[in-house]
């Protein structure tokens, strides 16, 4: 609906109410409605699900159309990311937000910092989704508020050309509200618990839920040891719970991302139920590390299964867990992914121990032999040492090609001594093109970094502390923070505006007219930043 149409709609409504509503300005109503386009989280979930489905179709047509996101642990971080994207690229298309369970555990729990083991309050996850969208909606309101002020200024100056141009910007305003892929861990309990949490997350605005195949009460970070997976039947029950939640709430396009940790998970808590040879339970059990036993060798409490007509005893650890055969990880990943896609999943997530396109592509090729349009979400994780991994990949490629590598020590390639070397330059180029190359070669539709803002907050704080508390004093802040904000036109240099002060002034004027006591007068020190920075 255009700006003028909104004004006319509001005007008709006000006129119908007669004298009691004479103090209501139709244009102000239109502005407030445009600044609050999304009324509920479900409005957001339905809107963003459609966006994500369109992006998935675009990727199927051309893998150059991959999408990206960064993990956010606070609404402000997500808001600033989208403001920056619009500023630098002019559009938010193909850019999402990722909500990391790791960061919720580490930064948002009332218990204090926790490891990524599903010990944090599960209600903190939908609360963060709601917070992120609150800040994104505020970014819309702030940006539109600035356009409304430009429109008023042009009208006051009698500049119809500028007024028309500004109104066109209002009519074509692109929202900061984008899809969020939200981490539901292993479901925080049984399938009913998963359903209840999924509902809360969707009601908060999530259009995409990412769930992993670990045991809920034994859950570990995907890049740590000790991961324990569950049989497919248990996992698929939770996948269906998520789908039911989407359908119940009318988000028919909702997206489910199924994550397999099987590549690095060598343990299972239970033997899968199998009703006949070759069924899904039997295939899960076929990867167990077993030894053949005779009836005489059966001990007290032994668990036995039959494989290929033989009586087999799965090896059980002192913890009571059963272990899989070494080297079976990739085969289990492929089975997990095919099974998930055939039972309601929309996207896959394969957790790997390193960022290696060849490794990912080899698994995706096998999956696509069964499900041709299989697509991945991939974690470009800070848990990887990207510099060392890619320098070693280049080193190995050079060895295979017969190139002289005698001047390099493979185990020391992270050393600063190699930063200006040819191997470092080629590795950096491979890192630069990793996402585009992996999208094309390995079926990766969405690239994300789970914990980037955790690390950037730590790095920037360390740099500021070193300067401010050292010899630079206040210059450490002014030179490296405020001056750079001004030079780079960072919106937050006007922090009062970013916090909503100008919008509050607008509303005061709507409500109180000339009697409004506004904060944005001549004595507001934010006016110092209106001086051209050139």
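Where a number appears in this text, it was derived from the coordinates with a stated rule and is not lab data. As the structure is a prediction and not an experimental result, all values here were calculated from the model. Backbone-built Cβ (ideal geometry, glycine too); neighbour counts: all protein chains shown.
Rounded to two decimals, the Cα-based Rg/Rh of region 64-104, with Kirkwood Rh, is 1.00.
Residues 298, 271 in ascending order of nearby Cβ atoms (within 10 Å, fewest first): 298, 271. The residues 507, 446, 495, when put in order of fewest to most other Cβ atoms within 10 Å, stand as 495, 507, 446. When 418, 133 are arranged by Cβ crowding within 10 Å, least crowded first, meaning fewest neighbours, the order is 418, 133. FRET efficiency for the pair residue 12 and residue 511, taken as 1/(1 + (r/R0)^6) with r the Cβ-Cβ distance and R0 = 25 Å, rounds to 0.70. Helix 232-248 axis versus longest C-alpha principal axis of the chain: approximately 20°, rounded to the nearest ten.
For the chain, the longest principal axis of the C-alpha atoms and the axis of helix 452-468 are separated by about 60°.
Projecting label points 7 angstrom from Cα along Cα→Cβ for residue 519 and residue 317 puts them 5.4 nm apart. Rounded to the nearest angstrom and listed largest first, the equivalent-ellipsoid semi-axes of region 494-534 from its Cα gyration tensor are 22, 11, 7.
The slack in the chain from residue 370 to residue 416, taken as 0.36 nm per residue of separation less the alpha-carbon distance, amounts to 12.0 nm. Oblate is the label for region 375-475. Its Cα gyration tensor axes, ordered a ≥ b ≥ c, give a/c of at least 1.5 and b/c at or above a/b. For the pair residue 458 and residue 306, label points projected 7 Å from Cα toward Cβ lie 5.4 nm apart. Note on residue 468 and residue 21: the extension gain reaches 155.4 nm, defined as 0.36 nm multiplied by sequence separation minus the Cα-Cα distance. Note on the chain: Rg/Rh from C-alpha atoms, Kirkwood Rh, equals 1.04. How high is the FRET efficiency between residue 407 and residue 342 when r is their beta carbon distance and R₀ equals 60 Å, given to the nearest 0.05? Plugging the Cβ-Cβ distance into 1/(1 + (r/R0)^6) gives 0.75. Between residue 279 and residue 62, the simple label model (points 7 Å from Cα in the Cβ direction) yields a spacing of 4.8 nm.
Which FRET efficiency value, to the nearest 0.05, do you get for residue 159 and residue 499 by plugging their Cβ-Cβ distance into 1/(1 + (r/R0)^6) with R0 = 25 Å? The value I calculate is 0.25.
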